[in-house]
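Notes follow once the structure below has been shown.
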């Protein structure tokens, strides 16, 4: 019996997670009997699970869902160690996987490519998937955002010889503090850059960097490490001698901006127009190119495909535009991402006023000790705005932070700080929107503001 079809009845603990719900849908589509539980399920997970009749009728944990006829339980990282469903599964001796362990088991006989790094990994993974699909390759994948042309964020099949995985450094599950990417055992690993994040798990810069060194050191003979050579720490890790492992450094792809549009400069194919922009995306293109080259994609195939890549969901995503105004949203939720995204948009439209809004939402970004990592990260913006919800700080059991704490951390005296989403919306609507761009950066929702309505008002 094949690996994929050997487990037919599976229960998901924390089914609402971004990868978890996509894996649940993928197994459901394969004919598996899938059930799940969660204590909170947000959009778009809720609607997508409901579409396949996988949305739990009631939120919460129900040990009675864990029955002896289950083939396996997949445990999400947001569950707690004392989860009652987990306790019941262990009592019954049911196999418990984290999703990285499960993905590895289903791809053990495939060529495995893992895209890692503090920033850019979702975009690079998405670029590779786009190029492979454009060129009609057969492959499996796991990616952390919705990508145009792909119905689901996870694909597992027996026939595909290759799987491309977005691998993050955050811990695997409540039972396993190992970074997720260590479970995938890649043959090819790309590391896009290292900028301290996940302060709650890696309290020091050194402990954070160590995870990426472990990934690089884990590569097998005949493996390859592809890395951004402009990242000083990563260059040290990437250039380290490893027996029979290929080192492949990359940097930003040559490009230029013509009338607000970016074109790649190539030796063989002339100027190649692309739909993405910014220095980081030029690096992302080079990284994706290096991976695709090792997978047998030719120059001609790569450049033909990359022209139509529109970006991953919420990664410098254009929400609306008119003749003089563009509105973007971005998932930027860490200092390096806020800086890179803001600089990219200002560089693309240097003559337009840039209004950049960042929501502090994650554990790291709301931590007083870590907050200073945001020093000058909004300097590229003409109007810089930060929003945070004091209730989120309280919910995460962190020390309260003040508006002055944030101004001091960002080192910007004219920084506008909001703790009320309605006041933020009122402020944005009051600005003069002409020859200006708005950038909304968050892994959250800015207090559930209606972005569609805001865009409509701004664009008039």
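Computed from the coordinates by the stated procedures, all read-outs in this text should not be read as laboratory data. Please read all numbers here as calculations on a predicted model, not as lab measurements. With ideal geometry, Cβ positions are generated from the backbone for all residues, glycine too; neighbour counts draw on all protein chains shown.
Write down the percent of antiparallel bridges among all DSSP beta bridges whose residues are both part of the chain, to the nearest 5.
The antiparallel fraction comes to roughly 25 percent.
Averaged over all directions, how much area does the convex hull of the C-alpha atoms of the range 150-298 cover when projected, in nm²?
11.7 nm²
Evaluate E = 1/(1 + (r/R0)^6) for residue 91 and residue 29, where r is the Cβ-Cβ distance and R0 equals 30 Å; express this FRET efficiency to the nearest 0.05.
0.45
Calculate log10 I(q)/I(0) of the range 317-459 for q = 0.08 Å⁻¹, where I(q) comes from the Debye formula with a single equal point scatterer on each Cα and nothing for solvent.
With no solvent term, the Cα-only Debye profile gives -0.19.
How big is the gap, in Å, between the Cα center of the range 17-43 and the Cα center of the range 413-452?
After rounding, the separation between the Cα centres reads 33 Å.
So what is Rg over Rh here for the range 21-63, counting just Cα atoms and using Kirkwood for Rh?
Computed over Cα atoms, the ratio is 0.94.
Which of the peptides 297-309, 60-72 is most tightly packed, and how do the rest follow, judged by the mean count of other Cβ atoms within 10 Å per residue? Write out the running numbers ahead of the final one.
Numbers: 297-309: 17.4, 60-72: 14.6.
Top to bottom by mean Cβ count within 10 Å: 297-309, 60-72.
Give or take rounding to whole Å, what are the principal axis extents of the alpha carbon atoms in the range 142-188, in descending order?
33, 23, 18
Rounded to two decimals, what ratio of Rg to Rh does the range 214-354 give with C-alpha atoms and a Kirkwood Rh?
1.01
So how far apart, in nm, are the two label points at residue 435 and residue 408 if each is 7 Å from Cα heading toward Cβ?
For the pair residue 435/residue 408, the computed spacing is 3.9 nm.
As an exercise, use a Förster radius of 41 Å and the Cβ-Cβ distance of residue 265 and residue 239 to find the FRET efficiency, rounded to the nearest 0.05.
Working: r = 26 Å, r/R0 = 0.65.
Computed FRET efficiency for residue 265 and residue 239: 0.95.
Mind jotting down a quarter of the surface of the convex hull over the alpha carbons of the range 286-389, in square nanometres, one decimal? Walk me through the numbers before you get to the answer.
Working: hull surface 35.5 nm².
For the Cα atoms of the range 286-389, the hull's average projected area reads 8.9 nm².
If r is the Cβ-Cβ distance from residue 321 to residue 222 and R0 is 45 Å, what FRET efficiency results, to the nearest 0.05?
After rounding to 0.05, the efficiency reads 0.45.
In percent, what relative contact order does the range 61-201 have, based on Cα pairs under 8 Å that are 6 or more apart in sequence?
Result for the range 61-201 is 30 percent.
Quick one: which of 135-143, 314-322 comes out on top by average Cβ neighbours within 10 Å, and what's the full order, highest first? Don't skip to the answer; put the middle values down first.
Details: 135-143: 19.1, 314-322: 16.8.
Order by mean packing, descending: 135-143, 314-322.
Only helical DSSP H runs with n ≥ 4 go in: add -39500 (n - 2.57) per run for the chain, normalise by residue count and round the 222 nm mean residue ellipticity to 500 deg cm²/dmol.
For the chain, the value works out to -9000 deg cm²/dmol.
Bins of 5 Å, beginning at zero and ending with the bin holding the largest distance: percent of Cα pairs per bin for the range 195-268, please.
Over the range 195-268, the share of Cα pairs per 5 Å bin runs 3, 14, 18, 16, 14, 12, 11, 8, 3, 0 percent.
I'd like to know how the chain sits against the 2.2 N^0.38 Å rule of thumb: what's its Cα Rg over that expected value?
Output field value: 0.98.
Would you mind calculating the relative contact order of the chain from Cα pairs under 8 angstrom and at least 6 residues apart, reporting the percent as a whole number?
11 percent
Quick one: grab the alpha carbon gyration tensor of the range 3-98, order the square roots of its eigenvalues as a ≥ b ≥ c, and give me rounded if a/c is under 1.5, else prolate or oblate depending on whether a/b is larger than b/c.
Here the range 3-98 falls in the oblate category.
Given 10 °C and 1.306 mPa s, how large is the Stokes-Einstein diffusion coefficient of the range 380-460 in µm²/s, with Rh as the Kirkwood radius over Cα pairs?
Rounded, D is 114 µm²/s.
Highest mean first, what order results for 44-51, 98-105 on Cβ atoms within 10 Å?
98-105, 44-51
Compute the relative contact order of the range 295-444 as a whole-number percentage, counting only Cα pairs closer than 8 Å that sit 6 or more residues apart in sequence.
Worked out over the range 295-444, it gives 32 percent.
Classify the range 102-228: rounded, prolate or oblate, from the alpha-carbon gyration tensor (a ≥ b ≥ c, eigenvalue square roots; a/c under 1.5 rounded; otherwise prolate if a/b is larger than b/c)? Walk me through the intermediate numbers first.
Values: a/c = 1.70, a/b = 1.56, b/c = 1.08.
Prolate, because a/c is 1.5 or more and a/b exceeds b/c.
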